[in-house]
Amino acid sequence: MRFKTSWSIAWVLGLSLGLAGALQSGGSYSENLDLTPLPRNSVLATFQFDILSDPILITGNDSFDFGLEGLLHYGLFPRSVGQIVKSTGTHELHLRFTQGWWDSELWGSLPNGGKSSGGTGVEAWAWIAAQSEAEAQDRWFKLVNALSGLFCASLNFVDATKTTQNPMSFTPDSKVPLGSTSSTKLSLFHGALPRESICTENLTPFVKLLPCKGKVGLSSLLDGHRIFDAKWQSMSLDFVPVRSDTDDVRLHMVQRVEVVLDVLRALQRKIKPVPDPPPIDQLHCDTSKPYHSGSSCYPLPGPEVLDWKLSDLFGSQVEGSCPLVNGIESIKRNPANNYSICSYTTADWNVHANKNTSVFENQDKKCFGLPASDRFDLSFSTSNTSSVVKNDSPPVYVQRSMTGRGQQHGGIQIIISNPSNSQPVQVSYLETLPWFMKPYIHTLTTLLTTGTSVSQVSIENDNVFNKILYRPFLERVRGTYLELTLTIPPASVLTISYDFDKSLLYLGEYPPDANRGFDVAPGILAVIDCIDHDNERIFSYVTRTSSLLLALPTPDFSMPYNVIIFTSTVMALAFGTIYNILVRRFVYEEDAEDERQANRLKVFKKISSFKARLGLSKRASDKDVTEQDDDETKKKK
């Protein structure tokens with residue numbers, strides 16, 4: 001591929017100036033990849049990219065002043081995010097894109113304690129600095145609209161009916177004060193779109209925020225075809241102002257991509273790019289099952305001996321090292337009993353991990369430093385895929401389902417389990433329902449199961465229900481907000497259920513695929529670790545339920561079509577008939593023929609006069625008219 005000389009010089013000069021400006025910046029950038037083998041030949045890959053901005057000044061108002069002494073210099077921090085949070089007065093921002101289902105019983109706890117994972121679809125919450133509640137709401141809607149354009153998502157549909165204000169299940173990560181203005185305060189807003197489908201349109205702008213834009217470094221592994229072929233994947237962005245050791249205030253932005261990849265499916269892609277079911281003779285079945293036959297197969301986890309490389313999972317090797325990294329750039333491998341790892345590059349320095357100088361130990365993880373200019377790859381091999389160090393079990397399990405039947409009434413059931421045999425667990429459960437679900441709190445019932453005993457618990461029981469916050473819905477204005485603070489005894493299961501009614505919407509409020517149903521946002525369960533001296537909760541683990549699919553009473557959408565067609569037909573017949581009566585004139589056939597001849601003579605006379613004006617001979621025109629009259633006379637005879 002060739003470029004013109006002028007363009008090449010300008011591109012190299014611009015790149016050099018950009019690198020020089022970024023390297024002279026006071027900010028920092030680091031990236032790392034954490035690989036964790038999971039049961040049944042799965043791998044959890046966690047990408048983390050940390051960007052720390054230059055020191056900033058906090059003015060007396062509610063906005064940040066980027067740069068030193070008012071100097072506008074973003075450095076490594078993305079300007080697009082900085083301008084959005086500055087114009088909207090955003091003090092802290094958290095954004096989640098999640099797709100798939102996390103199997104807690106098989107894979108254990110969520111990565112990073114679930115704090116970097118969201119519910120199905122798109123989820124966002126932010127602390128907005130404003131002097132009044134109305135101003136804070138306006139800034140929140142401006143923020144979600146700006147994020148919608150930046151990440152190619154449908155966040156602009158987060159309106160008042162999908163927004164929850166000041167829930168207690170979220171606490172700010174930043175301890176930096178706003179400024180000297182006493183009238184300015186922080187307001188928390190949370191919104192979710194469980195219907196949103198995550199795709200490469202969201203991943204591409206997400207990667208463009210990184211300093212190396214996915215060209216080199218660990219971000220070069222983020223291929224949309226592999227990321228969205230995972231069993232579960234989550235993308236997160238956290239924007240938090242922090243105070244450094246030198247008492248400077250900086251902007252800290254963390255981007256994480258967490259995916260659970262199927263190793264066998266990734267290896268099969270090399271053989272068959274288009275997946276198809278394997279033949280019967282290639283299935284690995286458990287023949288000890290009593291129902292095993294030629295048509296019934298219980299699949300085994302997979303082969304015991306397995307060899308794969310990093311490029312097999314992500315489709316390419318690591319394209320060298322990002323030159324803008326001035327922090328940590330490494331690949332970490334979580335310990336597995338019998339996984340051996342070799343690192344090599346295209347320069348064929350195939351050496352074992354324990355002899356490679358770019359390998360260093362970090363607690364119980366083995367880390368690999370990336371080479372500066374060469375492509376990098378890792379090779380994994382094991383002789384027993386079932387022998388994998390399992391992640392820690394989550395401190396609590398939660399599931400939610402829909403109950404009831406019919407198009408008018410329904411119910412919701414939440415089951416929260418405490419697997420610990422010795423310690424109770426205190427949790428905060430948040431549920432936001434759309435306005436067309438009308439719950440009845442007086443129908444809320446709670447059952448506590450401990451061993452074989454089942455007892456009903458009243459909401460007045462302070463030992464289980466520590467706090468209840470409820471805000472009823474307003475039709476087409478806001479949804480239902482329900483937040484519970486619960487204490488679950490050891491080895492117990494708490495079942496909460498309540499009833500609701502379904503509303504009938506207007507015709508224009510139904511989506512194009514109304515018969516599919518309406519998605520209900522997942523419930524959020526946070527484990528309360530303790531309460532600090534500022535009377536704020538500290539959560540040690542956060543998890544979310546699956547989203548629900550609600551079937552509302554749906555009208556017959558063919559009826560408006562039939563009415564439109566019938567009305568259009570009647571209008572066409574009526575208009576056509578009346579128009580014919582008003583415009584047409586009925587005469588006898590002989591009169592119509594005479595009138596037609598007279599009209600022809602008028603036309604010929606006009607043509608003759610026009611020719612005369614053009615200088616033609618009058619004789620020739622008269623001759624034409626005479627010949628025409630003779631022809632008409634002959635026809636009549």
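The values are calculated or read from the model by the stated rules, or taken from the named source; none is laboratory data. Predicted model only: the values in this text are computed from it and were never measured. We place every Cβ from the backbone using ideal geometry, glycine too, and count neighbours over all the protein chains shown. Please note that ligands, DNA and RNA were not included when accessible areas were found on the heavy atoms of the full protein model with its side chains. Shrake-Rupley method; radii C 1.70, N 1.55, O 1.52, S 1.80 Å.
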Fill in the blank from the handout: Mean accessible area per residue over region 97-243 (1.4 angstrom probe, all protein chains present, square angstrom) is 38
Fill in the blank from the handout: For the pair LEU614 and ILE441, the simple spin-label estimate (label points 7 Å beyond Cα toward Cβ) gives in nm 9.2
Completion exercise
From highest to lowest solvent-accessible area (probe 1.4 Å; ligands, DNA and RNA excluded), ARG269, ARG596, ARG226, ARG405 read ARG405, ARG596, ARG269, ARG226
Fill in the blank from the handout: For region 413-563, the percent of all C-alpha pairs falling in each 5 Å bin, from 0 up to the bin holding the max distance, is 2, 8, 15, 19, 16, 13, 10, 7, 5, 3, 2, 1, 0, 0
Problem - Linear extension gain, GLN83 paired with THR577, 0.36 nm per residue minus alpha-carbon span - result: 171.4 nm
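Please give the length that would be gained between SER386 and ARG265 if that part of the chain were fully extended, namely 0.36 nm times their separation in residues minus their C-alpha to C-alpha distance (nm, one decimal).
On the way: separation 121, 0.36 × 121 = 43.56 nm, distance 1.71 nm.
In short, 41.9 nm is gained.
Quick one: how many lysine pairs does region 483-622 have with C-alpha atoms less than 21 Å apart and a gap of 8 or more or different chains? Give me the count, please. Write down the numbers at each step before the final one.
Details: LYS602/LYS611; LYS602/LYS618; LYS605/LYS618; LYS606/LYS618.
Lysine pair count for region 483-622: 4.
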Problem - Compactness of region 94-157 as Cα Rg over 2.2 N^0.38 Å, two decimals - result: 1.41
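Between TYR397 and SER244, what is the FRET efficiency for a Förster distance of 25 Å, r being their Cβ-Cβ separation, to the nearest 0.05? If you can, show how the numbers build up before the last one.
On the way: r = 39 Å, r/R0 = 1.55.
FRET efficiency, TYR397 to SER244: 0.05.
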Exercise for the section: Would you mind checking LYS162/LYS438; LYS270/LYS309; LYS86/LYS215 for any pair whose Cα atoms are more than 19 angstrom apart? Expected result: LYS86/LYS215
Handout entry: Rounded accessible area of CYS212 (nearest 10 Å², 1.4 Å probe)
Key = 20
Problem - Sequence of THR567, THR545 when ordered by accessible area, the most exposed leading, probe 1.4 angstrom - result: THR567, THR545
Completion exercise
Expected field for GLU589, accessible surface area in Å² at 1.4 Å probe radius, rounded to 10, holds 150
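Output the pairs from LYS175/LYS390; LYS115/LYS213; LYS185/LYS467; LYS175/LYS208 with a Cα-Cα distance over 31 Å in this structure; if there are none, say none. Walk me through the numbers on the way to the answer.
On the way: LYS175/LYS390 35 Å; LYS115/LYS213 25 Å; LYS185/LYS467 25 Å; LYS175/LYS208 29 Å.
Flagged as over cut-off: LYS175/LYS390.
From Cα pairs below 8 angstrom and at least 6 apart in sequence, can you work out the relative contact order of region 150-271, rounded to a whole percent? Before the final figure, lay out the partial values.
Details: 118 pairs, mean separation 27.2, N = 122.
Relative contact order for region 150-271 comes out at 22 percent.
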Exercise for the section: Quick one: compute a quarter of the convex hull surface over the Cα atoms of region 96-229 and quote it in nm². Expected result: 10.3
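Rank these residues by their accessible area, most exposed first, probe 1.4 Å: SER244, SER117, SER393. Intermediate values should be presented prior to the final figure.
Values: SER244 35, SER117 5, SER393 75 Å².
In descending accessible area the options line up as SER393, SER244, SER117.
Taking the Cβ-Cβ separation of VAL563 and ARG516 as r and a Förster radius of 25 Å, what is the calculated FRET efficiency to the nearest 0.05?
Values: r = 24 Å, r/R0 = 0.97.
The value I calculate is 0.55.
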Problem - Whole-Hz couplings from phi, Karplus 6.51/-1.76/1.60, listed for region 277-285; x for Gly and Pro - result: x, x, x, 5, 6, 9, 7, 9, 10
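At a 1.4 Å probe, what is the % contribution of carbon and sulfur to the accessible area of region 471-535? Don't skip to the end; give the middle numbers.
Working: 1600 of 2920 Å².
Roughly 55 percent, rounded to a whole number.
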